[in-house]
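Structure first, then comments.
The values are calculated or read from the model by the stated rules, or taken from the named source; none is laboratory data. Model, not experiment: these values are computed from the prediction. Cβ coordinates were reconstructed from backbone atoms using ideal geometry, including for glycine residues, and neighbour counts include every protein chain displayed. The protein model used for the area step is the full one, side chains on, heavy atoms only, and it has no ligands, DNA or RNA in it. Shrake-Rupley method; radii C 1.70, N 1.55, O 1.52, S 1.80 Å.
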Amino acid sequence: MDAIEVRNLHKRYGKHVAVDEVSFTVEEGEIFGIIGPNGAGKTTTVESIAGLRTPDSGSISVLGFNPVKDRAEVRERLGVQLQESSFPDAIKVSEALELYSSFYQNPADWRELMDLLGLTEKRHTRYKALSGGQKQRLSIALALVGTPKIAILDELTTGLDPQARRDTWSLIERVRDAGVTIILVTHFMDEAERLSDRIAVIDGGRVAAVDTPAGLIARSSASQQVRFRL
Ligand code: ATP
């Protein structure tokens, strides 16, 4: 079974069409990249998968469940790290993890998760005092605390320095190796190429292509050659 199936998803804000007939499937166990420029509709798409937005039309299945109608079932199976997650400045790392784990019936051991994400030394540090990379690692830990089958990671490495980006990449690979299906939303082609099994290119609310990284590169060099001949 596909982990996620999105069919003809359509979402508008007032007159503005943000997502226009988007369709794709995500296979169990893969890292599925979603790439596209600002305002392309990436966040609206993944927030619809997470049940945070109600589509105007189209259908979404998450492990056979409907994100709007089967909210509880989807919440148990899907971990979401959203862009610009906001936490109270004063909350400490351990407090945030303990609080989030209390939301789930079968939470992961949050101390193990804190260790896995290299945050144990920072357990008494308040959110506002964390570096950008540490904040991102905390948001990954919070997305994983419910032991999800699928994790959505939105713009995880934006604003991070090169070393923190590489550290985050190897973490994502470890999460995938632990059996979690991942949707990775990014602006960066190098990141999408390095991590993803397949990538959807979204532009202007539409899917321009879904392919493997190698397939996308072959397409883009073929179209450049055509342009060159012209
Ligand atoms: P970014 O990379 O900048 O996050 P994105 O690809 O994730 O962009 P979305 O955030 O899904 O794109 O936005 C798609 C379009 O919908 C944009 O034009 C955006 O301005 C608009 N939009 C998003 N959320 C809202 C909202 N709540 N109300 C009105 N318009 C919105």
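Results, tabulated for the structure shown:
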item: Length gained when the stretch Phe188-Arg126 is fully extended (0.36 nm per residue, less Cα-Cα span); result: 19.4 nm
item: Loop-located chymotrypsin sites (Phe, Trp or Tyr not before Pro) in region 98-134 whose Cβ has at most 15 other Cβ within 10 Å (DSSP); result: Phe103, Tyr104
item: For region 1-71: rounded, prolate or oblate by the Cα gyration tensor [a/c cutoff 1.5]; result: oblate
item: Probe 1.4 Å, protein heavy atoms only - accessible area per residue of region 51-127 in square angstrom; result: 60
item: Kyte-Doolittle mean at least -1.0 and Cα axial length at least 15 Å: DSSP H helices in the chain; result: 132-144, 213-229
item: The chain, accessible surface, carbon-and-sulfur percent (1.4 angstrom probe); result: 47
item: Charge dipole (debye, nearest 20) of the chain; +1 at Cβ of Lys and Arg, -1 at Cβ of Asp and Glu; result: 540
item: Mean-position separation - Cα centroids, region 33-89 and region 135-176, in angstrom; result: 17
item: Those lysines that a straight Cα-Cα span of less than 19 Å connects to Lys11, excepting residues fewer than 8 apart in one chain; result: Lys42, Lys69
